[in-house]
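The structure's right below; bear with me while I get my questions together.
The values are calculated or read from the model by the stated rules, or taken from the named source; none is laboratory data. Every value quoted in this text rests on a predicted model; they were computed, and no experiment measured them. All Cβ positions, glycine included, derive from the backbone under ideal geometry; neighbour counts span all protein chains shown.
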Amino acid sequence: MTHADVAKTIADLKDKNIVLLYAFNSSGKTRLCVEYKNFTKDPRTGDHAGIYYNAYSEDLFQWDNDEENDNANIRLKVVPSSLNDFHSLLLDKPENIADKLAIYQPGYKFELVPYADRERGIEAVVFTTNDDTGTQIKISRGEERTFVWCFFLALFEVEDWSKKQNAHIYIDDPVSSLDDHNLFITAQAIHDLILSNYKSKKVIISTHHIGLFSVLATWLAQLNDKKKKDSGPLAAYVLSNQKGVLNLSSTTDEVFLYHLHLLKTLQKASEEKEVYRYHVVLLRQVLENVASFLGRSKWGSVLSDIKVPNPDEVANVINSLSHQSAFRLQYNKLSGAEEGDFTLVLKNLVDHYQFKLN
């Protein structure tokens, strides 16, 4: 398959309004997003059918460091584009961006700077310290990515844009530069966006981050009917690129393809002592995959197989930590006892089934 073939395949999924793509590195996710945009254009007018967030979206923001004045008026310039036509609501209600940003707990304030002719949209964004000095600052690369992401989340809600191009929302790799601490927050934002839109339009999410893919797949799976194969709005795929030839595989067929990526992610987090609550969601998914492979309906039985002491108690801990609502206000690492349970289950799982992760 080519990128154009994959784009057509996704577009032809008429009964699947939620499409999750886990794409291996160098598989061309951004190119696929562009191919999808081109494939779905109105052939008569060339108008876009949907709205997008991808690497090109981030390129619309460039720093003006004001070096000749010792950075006194440093600002993030907004490159003029067709999106400037939809900036008016953001200028009138900057709190729409602030509301999206608040969950990330930013350590700065921001101000949208319009052109002299406000109809031209936003010219730049100025960031200042949270203290009373109001000193203009340059935020970090990670903070910048988070701000741009929240800017677009707010822009998605501008009706002039979202209703004019209402066929789909395509989001490509929103967490490529975000740290693990923020991954769940972003997953929750995407989850909320999907639930608000999937009944009226297609929502496509592509990512190289196995954690984001798996958490979203776990949460959204409940929208499908488990008793009927291929029923429901969710379709989840693994996209790979072998010497220029793309392969699009359903995760139902490739469940033991990406479980190794999950285990590698979990092992790295454990080794680096950077275990967050969302890692428990991934651990539970691996346990569910193993149980399914063994023909069992309950993943807790795997804990007994791998000789975890007090398996029922540990299962309750995993259930509690992997419940979606537990994450809304808890983004920090696991406690010492919770991390101990996590590490033990992971070690016993890898040792018992002799998974080869290197």
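In this structure, is Leu89 surrounded by 14 or more Cβ atoms within 10 Å (Cβ to Cβ), at pLDDT 95 or above, closer than 26 Å to Gly121 by Cα and outside the structural domain of Leu212 (by TED's automatic domain parsing)?
No, not satisfied.
Taking the range 8-23, which residues are under 16 Å from Ile171 (Cα atoms) and of a type in the set (A, V, I, L, M, F, W, C)?
Ile10, Ala11, Ile18, Val19, Leu20, Leu21, Ala23, listed by residue number.
Here is a follow-up. Restricting the range 101-117 to residues that are aromatic (Phe, Trp, Tyr) and part of a loop (DSSP other than H, G, I, E, B), which is modelled with the highest pLDDT?
Among residues in the range 101-117 that are aromatic (Phe, Trp, Tyr) and part of a loop (DSSP other than H, G, I, E, B), the one modelled with the highest pLDDT is Tyr115.
Pick from Asp70, Asp66: which is over 16 Å from Phe152 (Cα atoms), at pLDDT below 95, among the acidic types (Asp, Glu) and surrounded by 13 or more Cβ atoms within 10 Å (Cβ to Cβ)? Walk me through it before giving the result.
Numbers: Asp70 fails: surrounded by 13 or more Cβ atoms within 10 Å (Cβ to Cβ).
Result: Asp66 is the single residue among Asp70, Asp66 that is over 16 Å from Phe152 (Cα atoms), at pLDDT below 95, among the acidic types (Asp, Glu) and surrounded by 13 or more Cβ atoms within 10 Å (Cβ to Cβ).
Starting from residues that are surrounded by fewer than 19 Cβ atoms within 10 Å (Cβ to Cβ) and touching a strand residue (DSSP E or B) at 6+ places or on another chain (Cβ under 9 Å), keep the ones in the range 316-333 and report whichever is modelled with the lowest pLDDT.
Asn332
Looking at the range 124-140, can you tell me whether even one residue there is assigned by TED's automatic domain parsing to the domain that holds Ile74, surrounded by 19 or more Cβ atoms within 10 Å (Cβ to Cβ), more than 15 Å from Tyr53 (Cβ to Cβ) and among the aromatic types (Phe, Trp, Tyr)?
Looking through the range 124-140, at least one residue is assigned by TED's automatic domain parsing to the domain that holds Ile74, surrounded by 19 or more Cβ atoms within 10 Å (Cβ to Cβ), more than 15 Å from Tyr53 (Cβ to Cβ) and among the aromatic types (Phe, Trp, Tyr).
Restricting to the range 105-126, what's the tally of residues that are under 28 Å from the mean Cα position of the chain (by Cα) and within 22 Å of Phe86 (Cα to Cα)?
Selection size over the range 105-126: 9.
What single numbered condition from (1) within 16 Å of the chain's Cα centre (by Cα); (2) buried (at least 20 other Cβ atoms within 10 Å of the Cβ) fails to hold for Phe156?
(2)
Within the set of pairs 6 or more residues apart or between chains, which connect a residue that is assigned by TED's automatic domain parsing to the domain that holds Val314 inside the range 286-303 to a residue that is surrounded by 14 or more Cβ atoms within 10 Å (Cβ to Cβ) and outside any helix (DSSP H, G or I) with Cβ atoms less than 8 Å apart?
These pairs meet every condition: Leu287/Trp299; Glu288/Trp299; Val290/Trp299; Ala291/Trp299; Val302/Arg296.
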